[in-house]
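Read through the structure below, which is laid out as structure tokens, and then see the notes.
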Amino acid sequence: MKKIVFIMGTLVLPLLVSCGNDNKETEKIIDKPSIEIKDGLFTPEVLEAFGRISQVVPSPDGKTLLFTLSYEDVEENKANAEIYKINADGTEMQRLTTTPSSESNVRWIENGEKIAFLRKDKDLNSVQVFVMNSNGSDIKRLSEVKNGIECFEISPDGEKIIYGSPIDDYNQKDEDLFKNLPKTTGRVVDDLMYKHWDEWVTAIPHPFLADFSLNGISNAKDIMEGEPFECPMRPFGGSESFAWAPDSKSLVYVSRKLKGKDYAFSTDSNLYLYELESGKTTCLTSENPGYDTDPVFSPDGSKLAWLSMATAKYESDKKRLMVMDMMSHQSKDLTENWDYWPEEISWSPDGESIWFSGYYQGTEPIFKINITDCKIDTVAQGVCDFVNVRPISETSAIALRHSMRSPNEICLISQGEEVKDLTAINADLLAQLKLGEVRKVMVPTTDGKEMLSWVILPPDFDPNKKYPAILYCQGGPQSAVSQFWSYRWNFMIMAANGYVIIAPNRRGLPGFGTEWNRQISGDYGGQNMKDYLSAADYIAAQPYIDKDKIGAIGASYGGFSVYWLAGHHEGRFAALIAHAGIFNLEAQYLETEEMWFADFDLGGPYWDKSNTIAQKTYATSPHLFVNNWTAPILVTVGELDYRILASQGMMAFNAAKMHGLDAEMLVFPDENHWILKPQNAILWQRVFFRFLDKYLK
């Protein structure tokens, strides 16, 4: 593998490519940015310069890997992903595409001789399927789908393709009502579920089955024609919603066949078996009221594995690894006696076991389960997370590995051997930076338990000095504080700015068993908040911490946590930062779009006075305790956020100002629940540290 080189302190990655003739675009090509690092300082600009690896796909023989690598261009204010390949031993990395349009959904076809992928076509102005030779040459478009293609999977025999494409919403505008009003922007809404995260529901994704060849995609058929339901499901569903049987005679797709209010209050997605010859559709999971997702056929097609949640409305329930015999349609929970759960699954080539990663005690190791006796082996673990696990033999797999100290790199996992890194995309950039140390500590809780927490120390840490500290509050609420690498809540850049961070795995997080995870539902202002205060007291008691200079930060449920702590911290915090947080629980119940989440986690509607769980929850709403607020607060919001509306943050900011507190607000009209655009991301980091430095240094 060729090495990354430095020239006068600037990072330069030479092109290692055979690029094909797809370079005729007039838009700017986004390549690896040049960034100058002074004195090892980790700045927001440096954070945006990291290469971001995803979508690792082994070739049919397991000897070559495809992946996408994206970089952000701050000047252009956008990112771009390109396709690369590398030998499975880490040698001979090649860049295969060089375009201004991101590539995605990469798949090997023609027994590894060619590659299919998605890209926006400049002439059609929509995302279509393209194909190229395995060396990146002879790129051509295969599809011409009117509304574009969101994801696809090609049948094992290479003759068919299933793809997701939007169709018009079944709630069409009344022609008479809108007659002679061509410029009106009004929408008439007559049922729930009229928006998703950051978009209004004007189209519904449907699965289309079509003939596939290197000459093009043809004879497309909507296999859910006449059904006003989503497949893939919004907002995050993709190609994992489809699974081809190895004989190419049938496929399984995922859909929640509900609409309006029924959809808004349910997590009941199901797996549907579609037989190509007869067109017959059979629901395989009708008896389960919760999520059924991520179907994967065994190599011989005799079994189907998938992830399943048993509890209705509970989107963070334990994920069960289910396996169904496709002859009898009898299923079995392989993880019934294991109090943790998989995050993604892949069959071993011999069909005797399933590999998966899953949260376990603050990290995300790789596991392997025998489908006969359900014995689970830990294949790889460390102070890191493994994701995107793809077995290439009975004893080895390819995965992505990241930690709080480094972003994704591709690695090789072999049972009984050390994990081997195959790429080092960001190694030289990281080598120039001063990074903080990550320590695991066990914090006593108020109910006599111990809580795994991560403490991150500044570079060149001196235990004889006094440092300001930050309590990190996780979102989700059931989202693990594992060894994640974040481009927003990045602990290394916080440490580089002179802060000690404590990130506790408070109640309501996965990786510590079902009881620990589920405790938070119906108890938002309860034990998990006591856990946060325990973590804050723990870090304040350390001799290297200035206990008068401690802040609390968080987003989403973490933002709610900050607002709640603002009214209950009793002088512990000198500054607070909340992004996209819930301020008023009663308003949140009516404002959010996926009602199953609010209904289950909050306990029900606030007007049900007989519901003691709901009444307990709403009584802890942060907006009721503004009279106790004492600390300066920074609020940040995105106006395209339909999960937690920007008005929640605006209410909190207004309340703080009316209460006489120092407060700032950063509003992004063009962002959703996250801050995604490069220039917005840098501005967010600059405002974040300016605010913290003002009150904690």
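The values are calculated or read from the model by the stated rules, or taken from the named source; none is laboratory data. Just so it is clear, the model here is predicted, and its values are computed rather than measured. Cβ placement follows ideal geometry from the backbone for every residue including glycine, while neighbour counts extend to all protein chains displayed. Accessible surface areas use protein heavy atoms only, side chains included; no ligands, DNA or RNA. Shrake-Rupley method; radii C 1.70, N 1.55, O 1.52, S 1.80 Å.
Averaged per residue, the stretch 423-509 has 31 square angstrom of accessible surface, using a 1.4 angstrom probe with ligands and nucleic acids left out. Pairs of alpha-carbon atoms within less than 8 angstrom and 6+ residues apart define the contacts here; what relative contact order does the chain have, in percent? Normalised by residue count, the contact order of the chain is 9 percent. Here, the stretch 166-308 yields an orientationally averaged convex hull projection of 11.3 nm² when only Cα atoms define the hull.
A cut-off under 13 angstrom between Cβ atoms defines the neighbours of residue 668, and their net charge, with Lys, Arg +1 and Asp, Glu -1, is -3.
Our estimate of slack between residue 278 and residue 120, defined as 0.36 nm per intervening residue step minus the Cα-Cα distance, is 53.5 nm. How much of the DSSP bridge set in the chain is antiparallel, in percent, rounded to the nearest 5? About 80 percent, rounded to the nearest 5. Only protein atoms count toward the accessible area here, which uses a 1.4 Å probe; on the chain, the carbon and sulfur part of that area reaches 48 percent.
Apply 1/(1 + (r/R0)^6) to the Cβ-Cβ distance of residue 170 and residue 41, taking R0 = 51 Å, and write down the FRET efficiency to the nearest 0.05. Approximately 0.40, to the nearest 0.05. Here the stretch 386-453 and the stretch 64-86 have alpha carbon centers that stand 21 Å from each other. Going down the table (28/122; 440/466; 183/677; 179/257; 146/280; 78/146), which pairs top 23 Å between alpha carbons? With Cα atoms farther than 23 Å apart: 183/677; 179/257; 146/280; 78/146. Between residue 184 and residue 372, with labels modelled 7 Å along Cα→Cβ, what's the label distance in nm to one decimal, could you check? With each label point 7 Å from Cα toward Cβ, the separation is 6.8 nm. Residues with amide H under 5 Å of residue 423's amide H, sequence separation 5 or more or different chain, H placed in the peptide plane at 1.01 Å from N; which? For residue 423, the qualifying residues are 410. For the stretch 455-586, relative contact order (Cα pairs under 8 Å, six or more residues apart, normalised by length) works out to 30 percent. Accessible surface computed residue by residue for the stretch 619-685, with neighbouring protein chains in place and a 1.4 Å probe, gives 39 Å² per residue.
Applying a threshold of 26 Å to the alpha-carbon distances of 549/657; 449/616; 140/195; 434/549 flags 140/195 as lying beyond it.
Only DSSP H runs of four or more residues enter the estimate; each adds -39500 (n - 2.57), and after division by the residues of the chain the mean residue ellipticity at 222 nm equals -4000 deg cm²/dmol.
The HN-Hα couplings worked out from phi for the stretch 179-194 by the Karplus form 6.51 cos²θ - 1.76 cosθ + 1.60 (θ = phi - 60°) are 4, 6, 10, x, 9, 5, 10, x, 10, 9, 10, 10, 7, 6, 6, 9 Hz, whole numbers, x standing for Gly and Pro. At 37 °C and 0.692 mPa s, grab the translational diffusion coefficient of the stretch 630-697 from Stokes-Einstein with a Kirkwood Rh over Cα pairs, rounded to a whole number in µm² per second. Diffusion coefficient, whole number: 262 µm²/s.
Over the stretch 128-219, accessible surface divided per residue gives 55 Å², non-protein components excluded, 1.4 Å probe.
Along its first, second and third principal axes, ordered by size, the stretch 438-526 spans 41, 30, 21 Å in Cα coordinates. Lys/Arg Cβ at +1, Asp/Glu Cβ at -1, dipole of the chain taken about the Cα centre: which of 430, 341, 308 is farthest positive-ward? The listed residue farthest towards the positive side: 430.
Rounded to the nearest 0.05, what FRET efficiency do residue 325 and residue 428 have when you use their Cβ-Cβ distance and R0 = 45 Å?
Details: r = 51 Å, r/R0 = 1.13.
For R0 = 45 Å, the calculated efficiency reads 0.35.
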